[in-house]
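Structure first, then comments.
Nothing in this text is a laboratory measurement; each read-out follows from the coordinates by a stated rule. As the structure is a prediction and not an experimental result, all values here were calculated from the model. Reconstructed Cβ throughout: ideal geometry from the backbone, glycine too, with neighbour counts over all protein chains shown.
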Amino acid sequence: MTSSTPRGPEEVQDQEVKALLEERATRLRGRADGTADETVLMVAEFPLGEERYAIPLESLRAALPLRLVTPVPLSMPHVIGVLRYQGQVLAALSLAALMGGHGWRQDPAVLLVLDRGDGELCALDCEAIPRPLSLPTAAVEAARTQAEGPVVEVPLKNNRQIIHLIDLPRLFARGAGARNAG
């Protein structure tokens, strides 16, 4: 014998849980049906001067204090020095110098250890520890089609702010080309 009226508090709770689960399933199905453009690229966002920059989070390996750098006399202007990271000696580079002279608002205090895109690690200086941010993949891809250099300008949803996404392989390829040309 089945009855549509609940018999006890357990049955009422079971029906409430079932209704809640069905509502969640419906919401998730709705997302899955129309979210091809809702996929996101996770980035590490940080300030560089008055603008906001980011690197793909998958490239970031660590954030370390800048005081770990040993200066290298007579090095190129974009080379801050070297540091030891997990048994390797890495070059510590000035992001502002690599980007073509953008200035910091405050002195850098952090080094970002990252994969340059070719399997090699290096460190870039940064004002602050980056914070995670998600960018819509569709917006990133659209911006990449218009970008020529190592920086891709990705507008945020409100179109009032822009995140300057750094394409690390392009940044380091450009730096190597400039060094080889000179």
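Residue by residue, segment 142-156 carries 3J(HN,Hα) couplings of 5, 5, 5, 5, 9, 7, 10, x, x, 10, 10, 8, 9, x, 7 Hz when phi is fed to the Karplus relation 6.51 cos²θ - 1.76 cosθ + 1.60 (θ = phi - 60°); x denotes Gly or Pro. A cut-off of 5 Å between modelled amide H atoms, ignoring neighbours fewer than 5 places along the same chain, links ILE80 with ALA92, LEU93, SER94. Under the convention that each Lys and Arg Cβ holds +1 and each Asp and Glu Cβ holds -1, the size of the dipole of segment 44-114 around its Cα centre is about 240 debye. In segment 39-160, a dipole from Cβ-located charges (positive for Lys and Arg, negative for Asp and Glu) runs towards its positive end, and of SER94, MET76, LEU111 it is LEU111 whose Cα lies farthest in that direction. The dipole here belongs to segment 58-157: it is taken about the Cα centre, uses +1 on the Cβ of Lys and Arg and -1 on the Cβ of Asp and Glu, and is about 280 debye. The calculated FRET efficiency for the pair VAL79 and ALA138, based on their C-beta separation and a Förster distance of 45 Å, comes to about 0.75. Summing charges over all other residues whose Cβ lies under 13 Å from the Cβ of LEU90, with Lys and Arg as +1 and Asp and Glu as -1, gives 0.
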